[in-house]
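The values are calculated or read from the model by the stated rules, or taken from the named source; none is laboratory data. What you see is a predicted model; the values in this text were computed from it and never measured. FYI the Cβ positions are ideal-geometry reconstructions off the backbone, even for glycines, and counts take in every protein chain you see.
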Amino acid sequence: MLSSLKLIAKAKAGNTDILHEHKWLSYLYRTDEKNVNLEQVESLENLEPNPVLHYVEKTLAILDRCYADLPASEKEIIEEVLRWSEVAKCGSAQKREEWRRRGFQLRIHNIGSARIYAHEQMAVPFGQRHLQKEDLIYTLILTHGLVGQFIRGEVRYRQLYPLIDWIQSHRSSLKWDIKRILLALNHCIIEGVSPAIWEKVRAETSQITSWIAAGEKSREHSLKERLRRLRECSIQKGEDFEALYTKWFSNRELASMFHLLFQKTDIWYVESALQDFSFEEFLKIFLLVYQKTNLLTVEQISFEPLMKDIYYDYKGKKSVNLYKKRIIEAYLKACPLAGLISGDTQPNEHVTLELIPFDSLGSTTGVNFTFSKPGEKLIAFCQEAEKSPLYERSILLLYDFFGFRKDAFDRLQNEQHYLADMNNAEDHKKIIADFAKGTVMIDVGAGGGIMLDLLSEKHPDADITGIDISTNVIQELERKKVRERKSWKVKQADALKLSSYFELESADTIIFSSILHEMYSYIPFHGRTYNPDVVKAALKSAFAVLKPGGRMIIRDGIMTEPKDLIRLLAFRDPDGFRFFTRYVEDFKGRKIDYEITEDNKIKLPVNDLMEFLYTYTWGEEAYPHEVQEQFGYFTPSEYRKVIEETLGSRANIICFRHYLQEGYSTHLLPKVKVMDESGKLSLKRRNKPSSGLLREKRLLQAASLHPSVFYLTYSILPIKHTLQLGLIGLKLC
């Protein structure tokens, strides 16, 4: 076993006496710092107590395990490099302050570690020193990790010139196989981060170390290639880099600015910090850096401060802090790219990009976003409130403070689960795909994309476009399209202005699947939300781009009729009543009227019950969003009347059905008892129906409903009222 591994084992076992003899181990062991690349970390809470020492131990173990046959002199050099290369990340607070006073660059760890090593070697008696060997070790520490960073696009190849120059100047006197040392060293460095990454870059690492050993210098990446490597994680998630690069870098001024910035600088931790931001946001962040940094002196730009700030533990797992990310996104959205190119920035009272000087010369700077004091405290409150029932209230405050949810339909931590749940309604959406007709189809409010997939499968030759107002949803759909090689298209568009995005009378089928109630709930129309006129406006907007003979298909919630039905609610869940009283206070759609009966049941109108039960099925995490959504806004009769009055005689209803989506009863029965005024149970378990249209018919039969089906001459629809939970209200009548 390597002597270094034995020493680390002794120190971890409690033998701290050895720390006095081995300064590298003392610095790694005695530290409160946790300077680590968070990209490979799954949980901040469960991060190793000393992650840097743990990493160094892993690299030494790889050297010990994989290079038993390496000549001892070469192995000693690699071992010494691995010992010292991470010390700038560690050290006691007192020692780090001493290093700063000496001018050691602790933020750029390879440079700082090389200087610390050089300083410590001065304590070795001159007669015991091997200066050529020390010089090589110093240079290897100075360039430590740069091969991997070059592969990632973070550093320029020229940063390896000191190593190339050293090899060239010592070539005639070298006693070691330098290529072999370089390959083994970089193997230890990279596999210590991730064995999977090492396997991926093994061949390229071998090629680069060959260039270095041979003295080759003309190996810089082009700007496009460097950016592609910096977006590798985003590309793996589905980002269409080629199309986006072509789109944005056709602007010569933008391209010129990026060429200048990237020719002059190395950029640390950029992928770790920015991979969850869109390509456009990525560009805007760099343009802000370009504006604020001193381009005459800057050499190193580190996104380490942002990387550390943008992540936190959510339910025990490292996650992007979406409170901060959404605020940053809103700020960037208000900064047009053209304005940033010309030097204009939009002031924002809540957030700003900050450059943090790491030295007095302006050669090294850090990047982060800072938030206003009230914003910072509110974000901290939301993070703390996640652990308690205060979470829902805190998120509502956050929405009001930062203006979330007005046009983005953003569900913060619940976004991915929400999109997945929308996709889980696949069976019911298959019926919609059956009703769709023609070769041009538009899915309004495409959400998770399942409707787009179903339409593509059912109508492979159709031109299918999904639209959504949410930037985040469109970005995720674009990634899904590239990642899964889908044929459909997506477009960020306003459903109330479809003629601005599509030709008049150009679409054969337009689909509103579970989106109109969201428009009703969130869009301020004529000065107020919860305005039924917004639904009418959406229908008019769609009808204008619908071909004669085309179809509009609506799947959404409706209200029970008659509206004056009363129901009794009792909870099997002991926390149910607390949830209900919070809901009554927080629901934004309308005032919920209820009373408590003598036997502690809740007596309330059936449609208020329906709205509550719908929120109750989603649970705590979705609560902040669901209390802002009114799921039912028209009864079946009202809906038919609205369609007839809004669209006129040219629009005929050819199919009008409503049914209970299975699953809601099953989910609710363990939690609640729903009764009519006499105390008779109204919510009962249904037999699970079969698939397709047959299942729909059986659902209708099981719910004892008699749907009105209209087959008329001009087909605007089928209109499909999927009452889902709302149909419980109808069943209860």
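A Cβ distance below 6 Å, combined with a sequence gap of six or more or placement on separate chains, defines the contacts here; from region 460-475, residues that are outside any helix (DSSP H, G or I) reach residues that are surrounded by 24 or more Cβ atoms within 10 Å (Cβ to Cβ) and not hydrophobic (A, V, I, L, M, F, W, C) in the pairs Gly466/Asp443. Once region 242-277 is narrowed to residues that are part of a loop (DSSP other than H, G, I, E, B) and of a type outside the set (S, T, N, Q), the residue that is farthest from Pro305 (Cα to Cα) is Phe249.
Looking at region 266-288, can you tell me whether even one residue there is assigned by TED's automatic domain parsing to the domain that holds Pro336 and over 28 Å from Ser319 (Cα atoms)?
Residues of region 266-288 assigned by TED's automatic domain parsing to the domain that holds Pro336: 266-288.
Now narrow it down to the ones that are over 28 Å from Ser319 (Cα atoms): none.
Looking through region 266-288, none of the residues is assigned by TED's automatic domain parsing to the domain that holds Pro336 and over 28 Å from Ser319 (Cα atoms).
If you filter region 643-652 down to residues that are in contact with a Leu (Cβ under 8 Å, 6 or more places away or on another chain) and surrounded by fewer than 18 Cβ atoms within 10 Å (Cβ to Cβ), you find that the one that is nearest to Lys591 (Cα to Cα) is Thr646. Of all the residues in region 587-635, those that are among the β-branched types (Val, Ile, Thr), surrounded by 18 or more Cβ atoms within 10 Å (Cβ to Cβ) and in a strand (DSSP E or B) number 1.
Taking the numbered list (1) farther than 30 Å from Ser360 by Cα; (2) aliphatic (A, V, I, L, M); (3) outside any loop (DSSP other than H, G, I, E, B) in turn, Ala88 passes all entries but (1).
For residues in region 212-241 being outside any helix (DSSP H, G or I) and small (Gly, Ala, Ser), which is surrounded by the most Cβ atoms within 10 Å (Cβ to Cβ)? Give the steps one after another, and end with the answer.
Restricting attention to region 212-241, the residues satisfying the condition of being outside any helix (DSSP H, G or I) are 215-222, 231, 237-240.
From what's left, small (Gly, Ala, Ser): 215, 218, 222, 238.
On the way: Gly215: 11, Ser218: 6, Ser222: 10, Gly238: 18.
Going through the qualifying residues, I end up with Gly238.
Taking the conditions exactly as written (touching a strand residue (DSSP E or B) at 6+ places or on another chain (Cβ under 6 Å), under 30 Å from Leu498 (Cβ atoms) and among the small types (Gly, Ala, Ser)), does Gly557 satisfy them or not? Answer is no for this residue.
Against the condition buried (at least 19 other Cβ atoms within 10 Å of the Cβ), modelled with pLDDT of 95 or more and among the hydrophobic types (A, V, I, L, M, F, W, C), how does Phe277 come out, does it pass? Before you say what the answer is, go through the steps one by one.
Working: buried (at least 19 other Cβ atoms within 10 Å of the Cβ): yes; modelled with pLDDT of 95 or more: no; among the hydrophobic types (A, V, I, L, M, F, W, C): yes.
No: the conditions fail for Phe277.
Tyr312 is checked against (1) aromatic (Phe, Trp, Tyr); (2) part of a helix (DSSP H, G or I); (3) touching a residue at least 60 places away in the same chain (Cβ under 8 Å) and fails just one. What number does that condition carry? Failed condition: (2).
Checking the condition of a type in the set (Phe, Trp, Tyr), buried (at least 16 other Cβ atoms within 10 Å of the Cβ) and over 38 Å from the mean Cα position of the chain (by Cα), which residue from Tyr117, Tyr157 passes?
Numbers: Tyr157 fails: over 38 Å from the mean Cα position of the chain (by Cα).
From the options Tyr117, Tyr157, the qualifying one is Tyr117.
What about Tyr331, is it assigned to a strand (DSSP E or B) and more than 26 Å from Gly112 (Cα to Cα)? Please lay out each step first, then the result.
On the way: assigned to a strand (DSSP E or B): no; more than 26 Å from Gly112 (Cα to Cα): yes.
In short, no.
Does at least one position in region 278-286 carry a residue that is closer than 28 Å to Leu185 by Cα, charged (D, E, K, R) and in a helix (DSSP H, G or I)? No, because not a single residue in region 278-286 is closer than 28 Å to Leu185 by Cα, charged (D, E, K, R) and in a helix (DSSP H, G or I). When Phe104 is tested against (1) modelled with pLDDT of 95 or more; (2) in a loop (DSSP other than H, G, I, E, B); (3) over 30 Å from Glu225 (Cβ atoms); (4) not hydroxyl-bearing (Ser, Thr, Tyr), only condition (1) is not met. Residues in region 159-211 that are touching a residue at least 60 places away in the same chain (Cβ under 8 Å) and outside any helix (DSSP H, G or I): Lys175, Trp176, Asp177, Ser194. Flag not set for His130, criterion: within 27 Å of Arg180 (Cβ to Cβ) and touching a Lys or Arg at 6+ places or on another chain (Cβ under 7 Å). Of the numbered criteria (1) outside any helix (DSSP H, G or I); (2) over 30 Å from Asp69 (Cβ atoms), the one Arg96 fails is (1). Scan region 85-116 for residues that are within 21 Å of Asn186 (Cβ to Cβ) and in contact (Cβ under 8 Å) with a residue 60 or more places away in the chain and jot them down. Ser85, Val87, Ile108, His109, listed by residue number. In the condition set (1) touching a residue at least 24 places away in the same chain (Cβ under 8 Å); (2) in a loop (DSSP other than H, G, I, E, B); (3) surrounded by fewer than 20 Cβ atoms within 10 Å (Cβ to Cβ), Lys58 is compliant with all but (2). A residue that is at pLDDT below 85 and on the phi > 0 side of the Ramachandran plot cannot be found anywhere in region 670-688. As for region 381-397, it holds no residue that is closer than 21 Å to Phe279 by Cβ, in a helix (DSSP H, G or I), touching a strand residue (DSSP E or B) at 6+ places or on another chain (Cβ under 7 Å) and at pLDDT 70 or above. Residues in region 431-487 that are touching a Lys or Arg at 6+ places or on another chain (Cβ under 9 Å) and hydroxyl-bearing (Ser, Thr, Tyr) were compared, and the one that is farthest from Leu546 (Cα to Cα) is Thr471.
Could we say that Val627 is under 16 Å from Ser682 (Cα atoms) and under 39 Å from the mean Cα position of the chain (by Cα) here? It would help to see each step written out before you state the result.
Values: under 16 Å from Ser682 (Cα atoms): no; under 39 Å from the mean Cα position of the chain (by Cα): yes.
Criteria not met by Val627.
Filtering region 493-547 to residues that are in a loop (DSSP other than H, G, I, E, B) and either among the hydrophobic types (A, V, I, L, M, F, W, C) or free of Cβ contacts under 8 Å to residues at least 24 places away in the same chain (or both) leaves Ala493, Phe502, Leu504, Ile515, Ile523, His526, Gly527, Asn531, Val545.
A quick yes/no check of all residues on (1) farther than 23 Å from Ile469 by Cβ; (2) at pLDDT below 90; (3) in contact with a Lys or Arg (Cβ under 9 Å, 6 or more places away or on another chain); (4) outside the structural domain of Asp494 (by TED's automatic domain parsing):
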{"site": "Pro532", "(1), (2), (3), (4)": "no, no, no, no"}
{"site": "Leu539", "(1), (2), (3), (4)": "no, no, no, no"}
{"site": "Ala542", "(1), (2), (3), (4)": "no, no, no, no"}
{"site": "Lys601", "(1), (2), (3), (4)": "yes, no, yes, yes"}
{"site": "Leu604", "(1), (2), (3), (4)": "yes, no, yes, yes"}
{"site": "Gln628", "(1), (2), (3), (4)": "no, yes, yes, yes"}
{"site": "Phe631", "(1), (2), (3), (4)": "no, yes, no, yes"}
